[in-house]
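Below: one structure, written as C-alpha cells.
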Amino acid sequence: MSKLKNDTFLRALLRQPTEYTPVWMMRQAGRYLPEYNQTRSRAKDFLSLCKNPDLATEATLQPLDRFPLDAAILFSDILTIPDAMGLGLYFSTGEGPKFERPLHNERGIRDLVVPDPNVHLRYVMDAVSQIRKALNNEVPLIGFSGSPFTLACYMVKGGSSTDFATIKTMLYQRPDLLHHILDVNARAVTAYLNAQIEAGAQAVMIFDTWGGVLSHAAYHEFSLAYLKQIVDGLKREHDGAKIPSIVYTKGGGLWLESIAAIGCNAVGLDWTIDIGEARHRVGDKVALQGNLDPAVLFSNPDTIRAEVGKVLHSYGWGNGHVFNLGHGISQFTLPENAAAMVAAVHELSRQYHCH
Ligand code: CP3
C-alpha cells in the first residue's frame with residue numbers, strides 16, 4: 001500500500017500533530033458548482049448519478065480540482081440504505097427525497113431486512129474503489145452513512161418533514177416498533193460502513209441530521225444508543241492504517257459529553273456552539289470537526305477570512321481540529337467564497353500549530 005501524500009486530515013482526527021488545520025466542506029460536491037450541475041444533467045437524475053461509479057467519481061473529484069481540500073468525500077446519499085431495503089427512493093425536482101413504499105404499517109416494519117452491502121449497495125463499493133484509484137493517494141477518502149434515527153425519519157414519513165410528527169407519534173405511541181426499525185438500521189449502517197472501509201474508505205462519518213429534534217431523554221434512547229451500537233461494530237483498522245470515525249448530530253451541542261463518550265474519534269459540531277467551549281467540555285476524549293455557519297459564505301472574502309479566524313482562535317492552540325462548515329454548503333454559495341474559506345483556514349491556522 002503506497003503512502004498518502006497529505007494525511008493531515010487523518011492525523012487531526014487522531015489528535016496527532018499537524019502543521020496546519022485541515023479543511024473540507026460537508027456537501028462539497030453539489031449544486032453550487034456549475035461543473036456538478038453539468039455532470040448531473042448527463043446522468044438522468046441525482047440518483048442515477050449516485051448509482052453510476054464513473055459519474056460519482058467525477059463528482060467527488062470536482063471540488064478537489066477547484067480547492068486545495070484536505071479530504072474527499074464519497075459522492076452518494078444517506079438514503080441509499082433504505083433504497084436497498086426496497087423502499088424505492090426517488091428525487092422529484094424541488095421537493096427533495098421521496099419513497100415509493102414508506103413504512104406505513106407494522107407488517108412492512110417487521111419485514112425489514114439488513115441489505116448485504118456488497119450485493120444491494122455494490123454500486124457504492126464500486127464507486128469507493130474507483131474514487132480511491134482516481135485520488136492516487138493525494139488526500140484521504142471519507143465514507144459515510146446516515147444515523148439510524150435520521151434514516152428512520154425519512155423511512156416512516158416517506159420524504160422530508162418539517163414537524164417530525166410521524167416519527168414522534170411512533171416514538172411515543174409504539175416505541176417498540178421504532179426500536180425495531182432502529183436496530184435493523186444500526187445493523188445495516190454498521191455493515192455498510194465496514195464494507196466502505198474494505199473497499200477503501202479511510203475515515204467514516206455518520207450524519208445524524210435530525211437527532212437534534214428530540215428531547216433530551218429521547219435523543220439518548222432513540223439516537224445515541226444506536227450510534228454507539230454502530231461505533232462499537234466499526235472496523236478500527238484496515239490495511240495497517242487506523243480508520244477514524246466522526247459522529248455529527250445537528251443540534252447536538254447540549255449532548256456533547258455523551259456523544260464524545262460513545263467511542264468515536266471525532267465529534268462534528270453545527271454552528272450554534274462555541275468550538276472553544278466545546279473543546280473545553282470534551283477535553284482530550286475526541287477531536288472536533290466544524291463549525292463555521294454556512295451562511296458566512298454568503299458574504300465576501302474579507303468577512304469570510306475574519307469569521308474563519310474567529311473559529312480558529314476559539315479552538316485555540318494545538319491539535320485535534322478539522323475545520324468544516326456547521327452543516328452542508330448551500331447551493332446558492334459562490335464557489336469563489338468557498339475558495340476564500342479554504343485559503344483562510346490554511347493560512348491563518350499555522351500560528352496554532354508547531355512547525
Ligand atoms: O458531502 C458531499 O459532498 C457528499 C455527498 C452527500 C450528499 N448528501 C449529496 C446530495 C452527502 C454526505 C449527503 C448526506 C445527506 N443526504 C444528508 C445528511 C447531511 C445533511 O445535509 O444533513 C441528508 C439528510 C440527505 C438526504 C437528502 N439528499 C436530502 C434531504 C436531499 C435534498 C435536499 C437538497 O439539498 O436538495 C438530498 C439530495 C442531495 N444529496 C443532493 C446532493 C448533492 C442534491 C441533489 C441534486 O443534485 O439535486
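Values quoted throughout were computed directly from the atomic coordinates according to the rules given, and no laboratory measurement underlies them. The structure presented is a predicted model; accordingly, all values stated were derived computationally and were not measured. So basically every Cβ, Gly included, is an ideal-geometry build from the backbone, and we count neighbours across all protein chains shown.
At a glance:
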| item | result |
| --- | --- |
| Acute angle (nearest 10 degrees) that the helix 301-315 long axis makes with the longest principal axis of the chain, alpha-carbon atoms | 80 degrees |
| Furthest towards positive pole of dipole, V231, S215, L112, structure part the chain, Cβ charges | L112 |
| Order of K5, K242 - criterion: other Cβ atoms within 10 Å of each residue's Cβ, fewest first | K5, K242 |
| Neighbour net charge for Y352 - beta-carbon separation under 15 angstrom, K R +1, D E -1 | +3 |
| Long-range lysine pairs (8 or more apart or interchain), the range 21-287, Cα under 20 Å | 15 |
| Calculated diffusion of the chain, Stokes-Einstein form, Kirkwood radius summed over Cα pairs, 20 °C and 1.002 mPa s, µm²/s | 105 µm²/s |
| Cα long-axis angle, helix 53-66 against the chain (0 to 90 degrees, to the nearest 10) | 30 degrees |
| Principal-axis tilt of helix 335-348 within the chain, Cα atoms, nearest 10 degrees | 60 degrees |
| Within the range 21-287: Cβ-based charge dipole about Cα centre, in debye rounded to nearest 20 (Lys, Arg +1; Asp, Glu -1) | 260 debye |
| Relative contact order %, the range 1-118, counting alpha carbon pairs below 8 Å whose residues are six or more apart | 18 percent |
| Amide H partners (placed H, <5 Å) of M205, local residues excluded | G143, F144, S145, I246 |
| The chain: relative contact order in percent, alpha carbon pairs under 8 Å with at least 6 residues between | 22 percent |
| The range 250-264 - phi-based ³J(HN,Hα) in whole Hz, Karplus 6.51/-1.76/1.60, Gly and Pro as x | 5, x, x, x, 5, 10, 3, 4, 5, 5, 5, 8, 7, x, 6 |
| Whole-Å distance, taken between Cα centres, linking the range 322-355 and the range 254-300 | 15 Å |
| Projected label distance in nm at D111 and S48, using a 7 Å step from Cα toward the beta-carbon | 2.9 nm |
